[in-house]
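Enquirer: Structure incoming, see below.
Bear in mind these aren't lab numbers, they're just calculated from the coordinates by the rules spelled out. Remember, predicted model here, so these are calculated numbers, not experimental data. Methodologically, a virtual Cβ is constructed for each residue, glycine included, from the backbone with ideal geometry; neighbour enumeration extends over all protein chains shown.
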Amino acid sequence: TMSTGEDTEWLEWVTKQFGNIAGENKEINLEEFRTALQVKESFFAERFFALFDTDGSGTISLEELLKALSLLVHGTEMDKLRFLFQVYDVDEGCDGAVVYQVLALTLCGPSAGSGSIDPDELRVVLRWCLQESTITLPEERLGDLTLALFEAADKDHSGSITFEELREELEAFPEVMENLTISAASWLKPPAAVERSHQPRCLNRAYWHNHRGTLVFLGAYTSFNLLLFSLAALHHASRGGWVMVARGCGQCLNFNCTLLAVLMLRRCLTWLRATPVAKVVPLDQHVVFHQLVGYVVLTLAAVHTGAHLANFSRLAQQDGHHALTEYLFSALPEVGGLGGTASQTGLALQGLLATMLAFSSPCIRRSGHFEVFYWTHLSYISVWTLLMLHGPHFWKWFVVPGCLFVLEKVQGLAWRRARGLRIVEVNLLPSKVTHLVIERPQSFHYKPGDYIYLNIPAIATYEWHPFTISSAPEQQETLWLHIRSLGQWTNKLYEYFQGPKSPIPEPKPLSRSLRKKRQQCWVQVGADGAQLLADTRCYIDGPFGTPTRKIFSSEHAVLIGAGIGITPFASILQSIMYRYRQRKQSCPSCHYSWCGDLQDEEMALRKVDFIWINRDQKHFEWFVSLLTKLEMEQAEQEPGGRFLEMHMYMTSALSKNDMKAIGLQMALDLLATKEQKDLITGLQTRTQPGRPDWSKVFGKVAEEKRGKVQVFFCGSPALAKVIRAQCERFGFRFFKEHF
């Protein structure tokens, strides 16, 4: 909403823009109009231009533009509503194929209009509304949409909608009428830059509350390093400043090189999630801390090496017994290390650490060179071996974590060799998502939201990638994975399961239940693709825990998935559905059914709000069937008492406060009410256009007072920052998926 001062300032900006663009005749054409107001090229931009061109000359003068904009800025609610009516009143002399042409608009005189809106005009406008919102519908459904709005607005059944009828219908939609009170110039005004607080987030009390575990851990980590450095430096104070620095860094390196291994003990960390340690230590951030400690190790190693070089240079100048090159490249007992090789092992360590850090950067891992990262990162074996030769006390730090690390690796290798699993079904979705259904081993137990590492040798021999399990643990026979094609490996996976060009004879059949699933797959990817499945084996390692394990211990959980980020919540929602079904009871007399209390020793949930944000229409296909089942399970519950509420958003659709979308959103609401399902997804839950207003969403959650609120997010880092900031504002705990 623009204030009076902002309105005036904006009109001055438009005048300046006009002066910069207009030629000597002080008039602008359609292209220049789009440039001046930064209006997207569309049917609506041309409608605005035609309405502003009151004399039908094909150009707009500054006087015409300011007169029209002043009306939108300072006009009454009826003035703005009449402008909306004129936008929809495409002149009956122009057909839909020609209306959006500037010349045709000018010749037809659309600014005047016919004074009413007939079905064909409404259909043209709604078609353009759908195109602006990137919604694809068959002509039949477009006709249903047009008919729903037309029948509702045509009160006298005259075959056309008058201004009074449109006004009366709009009054049934308070949100639309509220938008008309907003200065209508905001419909054309470019989005304002987001104002940022001058106060750093780290000084915010809410920030400290939401990050207290991480901050305490970082504080303890920093303090312990300083303590180690100080004790080691003081112990060697008699040997000079350079030795003090080198020994202090060396002691810190003993600790940090060991910590690198500890932070990658995924099985141990998964086990710790079920203990009180998880409430104190930020286990969810273990990958981020691993990266941080890696940078610390490289920095400490550089300082450690530099201090020793300075000390060797000093010794070479003082006693003259050994040159600097001898200190560096010859085995000298006084230098230290096994056999006096501290200098040589130290230089080798410095080179290996630098190589590992360089090739572990995202630009290497995500640019089709994952195997370079994989093989260079295996240098950790050489690093730990050299550290034992280099530092006489490193083994004391490393013995326990090292044994645990070896045990985890041995267990992982045993799993990988023994569990060559068969892929029993593949669904290739149009949105380039590969849905894998994998045979589940009997001894494989996991929690909702857990993830595994997946290897398919036919795609890449050495590459292991983490993917969240999207099926519920209660589903005994199979594991589900939904993999979106974003990088080289995932794209190769999608292309691989499209199948070979020629069919191959059918292999030996599986068990009855798995054969049925295989047949379903043949329907999805064809006979060629089905044969591919028979020859394709995969290997898994896991399962490993994630922050979503805390969902069942929450009182009010808000699950937010962006795009394919729904996968961990798909498993959780299915598990909730299983528990819901187990507790469902019915009256034998009237057959009324209800659900008993879902809370038990493992589940404290009182309410779940599920928010799914997608870019466009086709991405809702991933889990619509699952969400439909969830809605059916809760169909008999009152809206206010429902355990699970779903909220769908499509970001490419024009938001409700956009004038171009008013008619479309009214039509979608009317048709959804009539058919009891959403036109976009087929769910009962209405898909909301645009992006969520997080302030309103979280405000509503806070008002419900259903218990302590915890927000769980899986999606892009940019959106995570926005949601995290809102959680800090409302005092909600925030958890994000990290792999």
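Enquirer: Tell me, what is the FRET efficiency for Q498 and T15 to the nearest 0.05, using R0 = 60 angstrom and their Cβ-Cβ distance as r?
Expert: Working: r = 57 Å, r/R0 = 0.95.
Plugging the Cβ-Cβ distance into 1/(1 + (r/R0)^6) gives 0.55.
Enquirer: Something else now. With a point put 7 Å past each Cα toward its Cβ, work out how far K26 is from K700 in nm, to one decimal.
Expert: Rounded to a tenth, the inter-label distance reads 5.1 nm.
Enquirer: Then there's this: At 7 Å along Cα-to-Cβ for each site, give me the label-to-label distance between F730 and E77 in nm.
Expert: According to this spin-label approximation, the distance is 2.9 nm.
Enquirer: How much length, in nm to one decimal, is gained on full extension between I381 and K409, taken as 0.36 nm per residue of separation minus their Cα-Cα distance? Mind dumping the intermediate values first?
Expert: Values: separation 28, 0.36 × 28 = 10.08 nm, distance 1.21 nm.
The span from I381 to K409 would gain 8.9 nm if fully extended.
Enquirer: Anything over 24 Å Cα to Cα? Flag those among K67/K155; K618/K708; K279/K736; K447/K705; K80/K700, in the order listed. Could you put the intermediate results ahead of the total?
Expert: Working: K67/K155 33 Å; K618/K708 35 Å; K279/K736 16 Å; K447/K705 28 Å; K80/K700 30 Å.
Those over the limit are K67/K155; K618/K708; K447/K705; K80/K700.
Enquirer: Still on this structure, please answer the following. Residue farthest toward the positive end of the dipole of segment 204-415, with Cβ of Lys/Arg at +1 and Asp/Glu at -1: which of S313, H390, G219?
Expert: The listed residue farthest towards the positive side: G219.
Enquirer: Same structure, new question: Apply 1/(1 + (r/R0)^6) to the Cβ-Cβ distance of F173 and D144, taking R0 = 25 Å, and write down the FRET efficiency to the nearest 0.05.
Expert: Details: r = 19 Å, r/R0 = 0.76.
Calculated transfer efficiency: 0.85.
Enquirer: So who's got an amide H within less than 5 Å of the one on V424, skipping anything under 5 residues away but keeping other chains? H placed 1.01 Å off N, in plane.
Expert: V437, I438, E439
Enquirer: Using 0.36 nm per residue of separation minus the Cα-Cα distance, give me the extension gain between V624 and Q317 in nm, one decimal. Kindly include the intermediate steps, with their values, before the conclusion.
Expert: Numbers: separation 307, 0.36 × 307 = 110.52 nm, distance 7.62 nm.
Here the answer is 102.9 nm.
Enquirer: Quick one: length gained pulling R581 to R239 fully straight, 0.36 nm per residue minus the C-alpha distance? Before the final figure, lay out each step's value.
Expert: Working: separation 342, 0.36 × 342 = 123.12 nm, distance 7.29 nm.
Length difference between fully extended and current span is 115.8 nm.
Enquirer: Please give the per residue volume of the convex hull enclosing the alpha carbon atoms of segment 204-415, rounded to a whole number of Å³. It would help to have the intermediate numbers written out before the result.
Expert: Numbers: hull volume 34.3 nm³, N = 212.
Normalising the Cα hull of segment 204-415 by residue number yields 162 Å³.
Enquirer: Just to verify a number: FRET efficiency for S223 and T136, C-beta to C-beta distance, R0 = 60 Å, to 0.05?
Expert: Details: r = 58 Å, r/R0 = 0.97.
According to the calculation, E is roughly 0.55.
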